[in-house]
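Peer 1: Quick one: this structure, given as structure tokens, is what I'll be asking you about.
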Amino acid sequence: MNKDYSVKFVSVVVPVYNEEGCLQELIDRVVKTLDTLKCPSELILVDDGSRDRSLEIIRAAAAQRPGQVIGCILNRNYGQHAAVMAGFEQVRGDLVITLDADLQNPPEEIPRLVAAAEEGNDVVGTIRQHRQDSLFRRTASKIVNAAARTATGVDMKDYGCMLRAYRRFIVEAMLQCHERSTFIPVLGNSFARNTCEIPVAHAERKSGESKYSVWKLINLQFNLLTCMTTMPLRILTYFGLLTGASGLVLSLYIIIRRFCWTDGGSWANGGTFTLFAILFIFTGIQMVGIGIIGEYLGRLYNDVRARPRFFVDEIVGRVEEKKDGSGK
């Protein structure tokens, strides 16, 4: 018997942080696109502690379209991926689509993701065409994508694009994972049996500036690498073996030169600064290794405490269903 992959309800989750300049346009375009679908839908806007008028816009949209636009209001800023997980807790759809609020990924691509999911895919990723990002961001994305492919074994080209679709059981599986450092695309793929990627358009930011400075991007890339794979520890082990072998070879060379060359001990005295330089290199490697190990221990410490990743202050726009399944 063939499995039914048809989509019966679509939920769109959008994390919002200080996006007043483009938020109303985003809402209008998403709602207009969802109205073209053949199934019911909802838009869940997660306010991640915005300090501008974003929260007012969300409240107004939820009041204007109750049941279709839902506002999930967090009490402060927790970060993009925590905000998405908060939205996941509110979804009702059997297909959940995530989308950034900056309109760099057009909402008009949503029907294509729905169609790809109905072909039997548990996760639908996207590949940004003609990216409008800086060289630094594109280079960082390549590094993270390579690490993600290694960590998951799923060959996707663009893990950094937030425009993605997940089957409901994938979302429920992610909600059962309580680690604080979460990279949702990798986490979702780790539970998926069938995945695919489709090309999508990519536009310049409509208004405002990116919330990620260069330093925040560097921290983000490091956090993503350490939260989804132990590869840095493995590389450190390999590098330690290499430096240890190099030190052994250097020691043998010094001993042989000391006893076989005519210059005797004069060469050994002359190489003092070289040995100090080598010592400083090895000491630096050790300090880097301690830092990486400390990063993983810190993550273990945070996860063991099992504190909530976010706190939902209020839900607006939700229409309670009657027992017979109809709305009010």
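The values are calculated or read from the model by the stated rules, or taken from the named source; none is laboratory data. As the structure is a prediction and not an experimental result, all values here were calculated from the model. Cβ placement follows ideal geometry from the backbone for every residue including glycine, while neighbour counts extend to all protein chains displayed.
Peer 1: Return the residues of segment 170-189 that are in a loop (DSSP other than H, G, I, E, B) and either modelled with pLDDT of 90 or more or surrounded by fewer than 16 Cβ atoms within 10 Å (Cβ to Cβ) (or both); say none if nothing qualifies.
Peer 2: Gln176, Cys177, His178, Glu179
Peer 1: Also, quick follow-up: Farther than 25 Å from Asn121 by Cβ, crowded, with 18+ Cβ neighbours inside 10 Å and under 25 Å from the mean Cα position of the chain (by Cα): does that describe Ala62?
Peer 2: Details: farther than 25 Å from Asn121 by Cβ: yes; crowded, with 18+ Cβ neighbours inside 10 Å: yes; under 25 Å from the mean Cα position of the chain (by Cα): no.
No: the conditions fail for Ala62.
Peer 1: For Ser207, only one of the following conditions fails: (1) modelled with pLDDT under 65; (2) of a type outside the set (Lys, Arg); (3) assigned to a helix (DSSP H, G or I). What is its number?
Peer 2: That leaves (3) as the condition not met.
Results for (1) at pLDDT 80 or above; (2) under 15 Å from the mean Cα position of the chain (by Cα); (3) not assigned by TED's automatic domain parsing to the domain that holds Ile198, shown as yes or no for each residue.
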position	(1), (2), (3)
Leu95	yes, no, no
Thr98	yes, yes, no
Glu108	yes, no, no
Ser134	no, no, no
Ile143	no, yes, no
Thr150	no, no, no
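Peer 1: The conditions are (1) surrounded by 22 or more Cβ atoms within 10 Å (Cβ to Cβ); (2) part of a loop (DSSP other than H, G, I, E, B), and Gly67 fails exactly one of them. Which is it?
Peer 2: (1)
Peer 1: Further, regarding this structure: Being under 16 Å from Pro111 (Cα atoms) and either free of Cβ contacts under 8 Å to residues at least 12 places away in the same chain or outside any loop (DSSP other than H, G, I, E, B) (or both) is the filter here; which residues of segment 1-13 pass it?
Peer 2: Answer for segment 1-13, where residues must be under 16 Å from Pro111 (Cα atoms) and either free of Cβ contacts under 8 Å to residues at least 12 places away in the same chain or outside any loop (DSSP other than H, G, I, E, B) (or both): Val10, Ser11, Val12, Val13.
Peer 1: So Ala83 fits all but one of (1) assigned to a helix (DSSP H, G or I); (2) in contact with a strand residue (DSSP E or B) (Cβ under 9 Å, 6 or more places away or on another chain); (3) at pLDDT 95 or above; what number is the exception?
Peer 2: Unmet for Ala83, out of (1) assigned to a helix (DSSP H, G or I); (2) in contact with a strand residue (DSSP E or B) (Cβ under 9 Å, 6 or more places away or on another chain); (3) at pLDDT 95 or above: (3).
Peer 1: Find all pairs meeting these conditions: Cβ atoms under 8 angstrom apart; at least six residues apart or on different chains; first residue within segment 102-120 and touching a residue at least 24 places away in the same chain (Cβ under 8 Å); second residue crowded, with 21+ Cβ neighbours inside 10 Å and acidic (Asp, Glu).
Peer 2: Matching pairs, first to second residue: Asp102/Glu19.
Peer 1: Quick one: which of Glu42, Glu89, Glu19 is in contact (Cβ under 8 Å) with a residue 60 or more places away in the chain and surrounded by 19 or more Cβ atoms within 10 Å (Cβ to Cβ)?
Peer 2: Being in contact (Cβ under 8 Å) with a residue 60 or more places away in the chain and surrounded by 19 or more Cβ atoms within 10 Å (Cβ to Cβ) holds for just one of Glu42, Glu89, Glu19, which is Glu19.
Peer 1: Shifting gears a bit: Quick one: how many residues across segment 103-119 are within 18 Å of Lys38 (Cβ to Cβ) and not acidic (Asp, Glu)?
Peer 2: Residues that pass the stated criteria total 9.
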